[in-house]
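All remarks here apply to the structure that follows.
The values are calculated or read from the model by the stated rules, or taken from the named source; none is laboratory data. Keep in mind the model is a prediction, meaning the values are calculated, not measured. As a convention, Cβ positions derive from the backbone with ideal geometry for all residues, glycine included, and neighbour counts pool all protein chains shown.
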Amino acid sequence: MRRFFRYYRLRLKRLQGDPKIIARGIGVGLFVGITPTIPVHTVLLLALCYPLRASKIAAFLAAWIISNPLTIFLQYYLCWRIGSLFFPGLLSWGKIQNVLETLSQGQGYEGFRQSIIPIGGLGFDAGAVMLTGGVVLATPFAFIGYYYSLKFFIKRRNKLSKK
């Protein structure tokens, strides 16, 4: 675990380029990494990096660091809790438990097919709750990540230019 974070910290430190572009990439990566959009992270990262002129590499690194198997359950839980404040009652814990039970019982192709039905039954309600919660949760992290990474990369550039 320690090695994982050390590796990605070194990868981030070694990024070269304009500090503003790198910091924008980190902000975009944190934003997308926290939102509950795992199947389309890559598409979202690229779609946001191009118009914002952000570093794609920094965005991918930040998204990979923040969205990993250790943090994903907490992120999804917080997205659900925050989204439920905006849309109370649309996605109850009982609905989530039913889907989880169905998913844990399914075996093989037939089990997979049966598990799609309850997930699809959540539909728009689940999407509205989770995406709203994800955007509200991710926004401060993106701005804070941008601010601190901008300070870090400006300081690093000045330090390297003095050598």
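Below are the figures for this structure:
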quantity	calculated
Top-ranked residue of region 134-163 - restricted to ones that are closer than 13 Å to GLY17 by Cα and among the aliphatic types (A, V, I, L, M), ranked as farthest from the chain's Cα centre (by Cα)	LEU160
Residue pairs meeting the criteria (Cβ under 6 Å; at least 6 apart or on separate chains; first in contact (Cβ under 8 Å) with a residue 24 or more places away in the chain and over 10 Å from PHE31 (Cβ atoms), in region 54-66; second buried (at least 21 other Cβ atoms within 10 Å of the Cβ) and small (Gly, Ala, Ser))	ALA54/GLY25; SER55/GLY25; ALA58/GLY25
Yes/no for ILE22 being within 30 Å of ASN158 (Cβ to Cβ), assigned to a helix (DSSP H, G or I), at pLDDT below 95 and under 12 Å from the mean Cα position of the chain (by Cα)	no
Hits in region 54-93 (condition: small (Gly, Ala, Ser) and either in a helix (DSSP H, G or I) or more than 30 Å from GLN16 (Cα to Cα) (or both))	ALA58, ALA59, ALA62, ALA63, GLY83, SER84, GLY89, SER92
Selection status of GLY27, closer than 17 Å to LEU150 by Cβ, crowded, with 18+ Cβ neighbours inside 10 Å and either over 11 Å from the mean Cα position of the chain (by Cα) or in contact (Cβ under 8 Å) with a residue 24 or more places away in the chain (or both)	yes
Pair list, Cβ < 6 Å and 6+ apart or interchain, from region 130-141 residues that are buried (at least 18 other Cβ atoms within 10 Å of the Cβ) to residues that are not in a helix (DSSP H, G or I)	MET130/PRO36; GLY134/THR35; GLY134/PRO36; ALA138/THR35
Hits in region 6-20 (condition: touching a residue at least 12 places away in the same chain (Cβ under 8 Å) and not basic (Lys, Arg))	TYR8, LEU12, LEU15, GLY17, PRO19
Single residue of TRP80, TRP93 found to be closer than 21 Å to ALA128 by Cβ and free of Cβ contacts under 8 Å to residues at least 24 places away in the same chain	TRP93
Subset of region 25-41 that is part of a helix (DSSP H, G or I) and more than 15 Å from ILE65 (Cβ to Cβ) - its residue that is modelled with the lowest pLDDT	PRO39
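Residues are listed down the side, and each one gets a yes or a no for (1) more than 11 Å from the chain's Cα centre (by Cα); (2) small (Gly, Ala, Ser); (3) at pLDDT 95 or above:
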residue	(1), (2), (3)
LEU12	yes, no, no
LEU45	no, no, yes
CYS49	yes, no, yes
LYS56	yes, no, no
